[in-house]
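Okay, so here's the structure we're looking at.
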Amino acid sequence: MQSESVESSESMNFMRMLLTLMLVVLAGFLIIGIALPVLPRYVHHQLGFGTFAVGLVTGAQFAASLATRFAAGRYADRYGGRRAIYLGLLLAIAGGVFYLISLPFATQPITAIALVLIGRAIVGGAESFIITGGMTLGLALAGGNQTGRVIAWVGTAMFAAFALGAPLGTAIFDHSGFAAIAITTALLPIAAMLVVRILPERVEPSEQRGTLSLALSSVWLPGLGAAFNGVGYAALLSFSVLMYAEKGWGMGWLPVSAFAAALIAARLFLGQLIDQSGAIRVGVMFSLVTALGQVLLCAAPSPWLAAAGAALTGAGWAMVYPAFGSEAVRRLGGTNKGVAMATYSAFPDLAIGLSSPLLGLVVSAGHMSMVFLWSAIVVIMAVPIALLASKKP
């Protein structure tokens, strides 16, 4: 009875720490989320630049995040996840400062957009350190027993921040302009830093730290599995609203909302399934769920059935990403959790970034739903990849 009481107490302490960590990640990614719907409007309407410049500013964060992932993983493994989060929040403050510095140069658009680009790139680096530090700290606190749940729940906080950040950022911008966005970006990390102090640090000392070549050779199979599934995620976000408009259904928000609701529900209620049933088994099962969702989106005769397909896609992606991520952590070794997650995350990030324009090339006007058939074919390729991963150490 006493041992059961101790285990129950340890479980409660871990859950409290995990929820606190989720709150920190939520705050950290609100910094990113509030700017997502605002920067295109600011660059296009107020600074007067065209769509290429809008894409450049949007892509700067993605490129910087991808470029700094491995460095963030190495830092988190060496100095601890909490210090990595701190560094990410400091970078976010610096990004907000560059947004602020750009404001007096609104009449000199070239200078203004250069400063915004620098700020955006710094915020992209902040994203890497916050999420990689959060994952590393969570996995270290879990002690290897709840890897799947940690990846699922911390990732849920990130998605929730994006969902909340978009309307919040729009409201702030419409009411007070870009200056308020810049001030919020610079000040919100300070509040998050106060919460980070509550979390304990946990660094696993090791003389053998993962190199990039070792990380790639260890995690490329689960990384590919996540990348193929990421194509379904990208297809839904890029083309579902256009498909609804093409079919005259209206309610363009419905598939995205169904996707997000199913993703959050699956991660909160099924996150423990990965640790109980095994990462590869869950990866195979939910890759099939994602593919089924894409097929239903393609063939649905009504907006509600298409929304059901979007929900299946959300549930599939919700479980596939942490399942293959758990396998990546297992393969690289316990003292390289940050490097494992950083390298693994680069695979779906790159796939999501590249697949939207590539899918756009293979679909013609009037046949928007066919994009989901192509994406389903790509997603299903994750199944043999997962089966191959199960046969390799």
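Distance between the pseudo-spin-label points of SER356 and ALA299 (7 Å out from Cα toward the beta carbon): 2.8 nm.
Based on the Cβ-Cβ distance of ASN13 and GLN46, what FRET efficiency does E = 1/(1 + (r/R0)^6) give at R0 = 51 Å, to the nearest 0.05? Once the sixth-power term is evaluated, E becomes 0.55.
Quick one: length gained pulling LEU36 to ALA166 fully straight, 0.36 nm per residue minus the C-alpha distance? Don't skip to the end; give the middle numbers.
Numbers: separation 130, 0.36 × 130 = 46.80 nm, distance 0.66 nm.
The LEU36-ALA166 span can extend by a further 46.1 nm.
Applied to region 87-104, the Karplus parametrisation 6.51 cos²θ - 1.76 cosθ + 1.60 on θ = phi - 60° returns per-residue 3J(HN,Hα) values of 4, x, 5, 5, 5, 4, 4, 4, x, x, 5, 5, 4, 5, 4, 6, 4, x Hz, with x for Gly and Pro.
Computed from backbone phi, the HN-Hα couplings of region 118-125 come to 4, x, 5, 5, 5, 5, x, x Hz, rounded to whole numbers (Karplus: 6.51 cos²θ - 1.76 cosθ + 1.60, θ = phi - 60°; Gly and Pro given as x). Once you sort the root eigenvalues of the Cα gyration tensor of region 156-288 as a ≥ b ≥ c, which label holds: rounded (a/c under 1.5), prolate (a/b larger than b/c) or oblate (the other case)? Oblate, since a/c reaches 1.5 and b/c is not below a/b.
Round to a whole angstrom and tell me the spacing of the C-alpha centers of region 281-342 and region 218-233. So the separation of the two Cα centres works out to 9 Å. Annotation: for a label point projected 7 angstrom from Cα along Cα→Cβ of ALA63, no residues of region 70-113 have a backbone N closer than 14 Å. Close amide H contacts of GLY271 (hydrogens built in the peptide plane, cut-off under 5 Å, sequence separation of 5 or more or a different chain): none are found.
Using only C-alpha atoms and all pairs of different ones, pull out the Kirkwood radius for region 115-164 in Å with one decimal.
Across region 115-164, the inverse of the average 1/r is 12.0 Å.
Using a probe of 1.4 Å on the protein chains alone, the accessible area found for PHE98 is around 60 Å².
Where the centroid of each part is defined by its Cα atoms, how far is region 84-134 from region 18-82 in Å? Region 84-134 and region 18-82 have Cα centres spaced 8 Å from each other. Over the chain, accessible surface divided per residue gives 41 Å², non-protein components excluded, 1.4 Å probe. Once both labels are positioned 7 Å from their Cα atoms along Cα-to-Cβ, the gap between LEU387 and LEU56 label points is 4.8 nm. In plain terms, the chain is cut at each of the GluC sites (Glu not before Pro) found in a DSSP loop with at most 15 other Cβ atoms within 10 Å, and the longest leftover piece is 1-200.
For LYS337, LYS247, LYS391, the ranking by accessible surface with the largest value first comes to LYS391, LYS247, LYS337, using a 1.4 Å probe.
Kindly identify the chain as rounded, prolate or oblate by the Cα gyration tensor criterion: order the square roots of the eigenvalues as a ≥ b ≥ c, call it rounded if a/c is under 1.5, otherwise compare a/b with b/c, prolate if a/b is larger, else oblate. It is oblate, given that a/c is not under 1.5 and a/b is not larger than b/c.
Each residue, ALA114 and ALA191, gets one label point 7 Å from its Cα in the Cβ direction; the gap between the two is 3.4 nm. In terms of its alpha-carbon gyration tensor, region 248-355 comes out prolate; a/c meets the 1.5 threshold, and the first ratio a/b outweighs b/c.
The values are calculated or read from the model by the stated rules, or taken from the named source; none is laboratory data. The structure displayed is predicted, hence computed values, not measured ones. Every residue, glycine as well, gets a Cβ built from its backbone with ideal geometry; the counts of neighbours run over all protein chains shown. To get the accessible areas, we keep the full protein, side chains included, count just its heavy atoms, and leave off ligands, DNA and RNA. Shrake-Rupley method; radii C 1.70, N 1.55, O 1.52, S 1.80 Å.
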